[in-house]
Amino acid sequence: MSSSTCYHCGDPCGRTAVLFDEKNFCCNGCKTVYEIFHKSGLEGYYDLESAAGATPKEVANKFDFLENPEVAEKLLDFNEDGIQVVEFHIPHMHCSSCIWVLENLNRLSSFIKSSQVDFPKRRARITFDSEGLNLKELAILLAKIGYEPSIVLEDYSQAKKKVDRNLIYKLGVAGFSFGNVMLLSFPEYFEVQEYWLDQYKTFFRWLMFSFSLPVVFYASQDYFTSAFKGLRSKLLNIDVPIALGILTLFIRSTVDIVFDLGSGFFDSLTGLVFFLLVGRFFQQKTYAHLSFERDYKSYFPIGVTRVTDSDGEENIEIYRVKQGDRLLVRNQEIIPVDCILIHGRAQIDYSFVTGESESVPKSSGDKLFAGGKQLGGVLEIEAIKSVSQSYLTQLWSNSAFAKNKASEFQTLTDAIGKRFTIAVLTIATIATSYWLWQDPSKALNVFTAVLIIACPCAIALAAPFTLGNLLRIFGRNGFYLKDTNTIERLAKIDTVVFDKTGTLTSNSGNTIVYEGMELTDDEASLLKNTLRASNHPLSRELYGILESCQIKTLDEFSEHTGKGVKGKLGQHTMKVGSANYVGTQEGTRTETSVHISADENYKGRFVFKSKYREGLVTLFKGLMGNFSLVILSGDNDGERKKLEKMFPFQLPMFFDQKPEDKLKFIKKSQEHANVLMVGDGLNDAGALAQSNVGIAVSENVNVFSPACDAILDAGKLTGLARFLKLSQQSIGIIKLSFLLSLCYNVVGLYFAVTGQLKPVIAAILMPLSSISIVVFTTIATNYIGSKFKTKTET
């Protein structure tokens, strides 16, 4: 029995297996889910993937706040005539069987009309009959089958985001116009002498003019807007020569057909805008299912339970909590405000706020800070501040969170664009001046021809296609960037700062080592049963690694908050806890440890050591030659010696760093360096926002990570040095593309300044330069990407 696994979730059943329908389950929760599926004809769920479910957790009272009409109304997308529609974020959605069961919810409850899944975003949109099933009951139903919805303050406070499809519409208009103008231009290219073509030549030219109007006044309006804003700010960005080229093409072409001087350059005009928009689309295509802008609202609950004057309970919106309110905080719930503990045994996990890896015991009268997670029973607390005034939310008032890193950083394209604009205008002025002296009739044509042929289309495409392609290569390797601007900023990094807890260490658990006298079988059994009765996180972790033994009911059990636990069976006792509690002076060391004594005789201690990710030494050695490295940690310095042994080189390490300390350190470092911050929790949020580039390391990229510029899969952390190198190589590819574009411009300018530029030459050179740049950048980035993949695999 001990070796059996749960039929529903796949976890080991141990000695507590539940047998039902000739199948083993690890708990009654999994058995209940199986029963629901079995009764509803959903056994096919297990055909898609064995052990497909996630073990349901206790959800009693967790969704009571959904009974509040004000909360429910803001969460619902539709509410009329007894039909309601809600969209939930389902973090546990991970495979085809998940999609299958979530889209068959109507077979679990007749009140559910339909459900649709957006798998990349881990969201389910559910339509249900509110007269038979309310929002709270729907959430509980999902939790019972292992798909507990994540409902946080961010869902409540933000307005529904509308999808911006303007770029797609503009791309469609430009593509349609470009294709038709090219078709109408072919007879002009080859000077076909045919009666009907000659008869309708003027009509065809005006038709090309008509096709160009939506391209100029709609599809290209962003370039004119950007150019205008740049000039108003006295900046020559890349959009200035682009807008100038589009305007020149349109005016010159219109003049040509009005005065019957030729067919104009409408083909080059529409093609230019089309290729530019393709580049912009390629650049903006990013990871819509990931959020890079999360703050405390993604972490806090929507509602809380308030204790009324008559000792009753009511569910209220979190924003209605005020000083003096008494609130209930249950196991695994977030403390929403700074408060005083009134009743209950508190074991607070502040790891996501301060970086301290171990939970902190608190007793009645102690102050608790917002953002901590309660591990244990129910607490009654008294709020001393509102949500907006609490410690955690005040972190977001720092100016670092208002920074727009992209707008403050000058891209390589804009830097080239300034010089390019000046060069083109200089050449156009010199060439026009020459022709005014030699042949004034050609002067205007030469001036416009230079602006037309030297339009920086190829230059403008180099960065979007290079960086856009690299964005996808990074994504395939577990590194998700917010935008292409982040790659350019990564290429300039010279200092890398690492958080320790959750970044260099794994969240999957500690390495536990026993130091002391060997325990007898009876002592080991009593230790296991004593730990089994305790809810302390270290007790639970230790309980999980000890060998299985017969479960016995203790005669006595007591837990002393902040000290330890004591169990008694027959004439034998077992104490587990701090050194002082068990009666020894071995507790002066800095490591996190749990001491034990049997029958008042000290036996030894279990030392909890952080489990560091594999390959860290190789990663740091790869970074050392090119980057300055620093470790910042909110934890104590108990791991300092271990880190010094791990890294055989000098490495600055700072411990006991509060969130504001980390932010100040980054800000100070930026006075002489470009800083990359690598962290994982809300305690790193300020530093991530302040740094030139902030990377959030995540065990699961689809669940919570703080506001950042990039999200890195924790398993890919050792590839960070290669990611930085690829970013630098991409800038080299862009520079080579500029050189290739310059060659085309030199050829085109020869025809322009000599007055020989014809529409057919422009129609060949401009698309050819654009296409060759796209091909070159795609091949080059795929080549460096393939080398990256080969090296990481080996």
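Here residue 244 fits the description: in a helix (DSSP H, G or I), touching a Ser or Thr at 6+ places or on another chain (Cβ under 9 Å) and open to solvent by 50 Å² or more (accessible area, probe 1.4 Å).
Can you report the number of residues in the range 481-496 which are open to solvent by less than 40 Å² (accessible area, probe 1.4 Å) and not in a helix (DSSP H, G or I)? Quick ask: steps written out before the conclusion?
In the first step, residues of the range 481-496 are kept if they are open to solvent by less than 40 Å² (accessible area, probe 1.4 Å); the result is 481, 484-491, 493, 495-496.
Now restrict to residues that are not in a helix (DSSP H, G or I): 481, 491, 493, 495-496.
Qualifying residue count for the region: 5.
Annotation: of all residues in the range 213-223 being within 14 Å of residue 244 (Cβ to Cβ) and modelled with pLDDT of 90 or more, the one that is surrounded by the most Cβ atoms within 10 Å (Cβ to Cβ) is 220. Scanning the range 727-744 for residues that are polar (S, T, N, Q) and open to solvent by 20 Å² or more (accessible area, probe 1.4 Å) yields 728, 729.
Does the range 567-588 contain any residue that is open to solvent by 40 Å² or more (accessible area, probe 1.4 Å), charged (D, E, K, R), in a strand (DSSP E or B) and over 21 Å from residue 515 (Cα atoms)?
Here is the first cut: in the range 567-588, the residues open to solvent by 40 Å² or more (accessible area, probe 1.4 Å) are 568-569, 571-572, 578, 580, 583, 585-588.
If we keep only those that are charged (D, E, K, R) as well, we get 568, 586.
Restricting the remaining residues to those that are in a strand (DSSP E or B) gives 568.
Retained after the next criterion (residues that are over 21 Å from residue 515 (Cα atoms)): 568.
There is at least one residue in the range 567-588 that is open to solvent by 40 Å² or more (accessible area, probe 1.4 Å), charged (D, E, K, R), in a strand (DSSP E or B) and over 21 Å from residue 515 (Cα atoms).
May I ask you to say which residue of 126, 145, 83, 112 is at pLDDT below 85 and of a type in the set (A, V, I, L, M, F, W, C)?
Details: 126 fails: at pLDDT below 85; 83 fails: at pLDDT below 85; 112 fails: at pLDDT below 85.
Residue meeting the stated conditions: 145.
Within the range 149-207, the set of residues being farther than 30 Å from residue 318 by Cβ, among the polar types (S, T, N, Q) and modelled with pLDDT under 85 comprises 185, 193, 199, 202. What pairs come out if I take residues in the range 109-138 that are closer than 10 Å to residue 84 by Cα and assigned to a helix (DSSP H, G or I) and pair them with residues that are open to solvent by less than 60 Å² (accessible area, probe 1.4 Å) and of a type in the set (Phe, Trp, Tyr) whose C-beta lies under 9 Å away, six or more apart or interchain? Once the first residue is closer than 10 Å to residue 84 by Cα and assigned to a helix (DSSP H, G or I) and sits in the range 109-138, its partners that are open to solvent by less than 60 Å² (accessible area, probe 1.4 Å) and of a type in the set (Phe, Trp, Tyr) give 135/63; 135/128.
The values are calculated or read from the model by the stated rules, or taken from the named source; none is laboratory data. Keep in mind that what you see is a predicted model, and the values were worked out from it rather than measured. For neighbour counting, all protein chains shown are included, and Cβ atoms are generated from backbone atoms with ideal geometry for every residue, glycine included. Accessible surface is based on the protein model in full, side chains and every heavy atom, while ligands, DNA and RNA are left aside. Shrake-Rupley method; radii C 1.70, N 1.55, O 1.52, S 1.80 Å.
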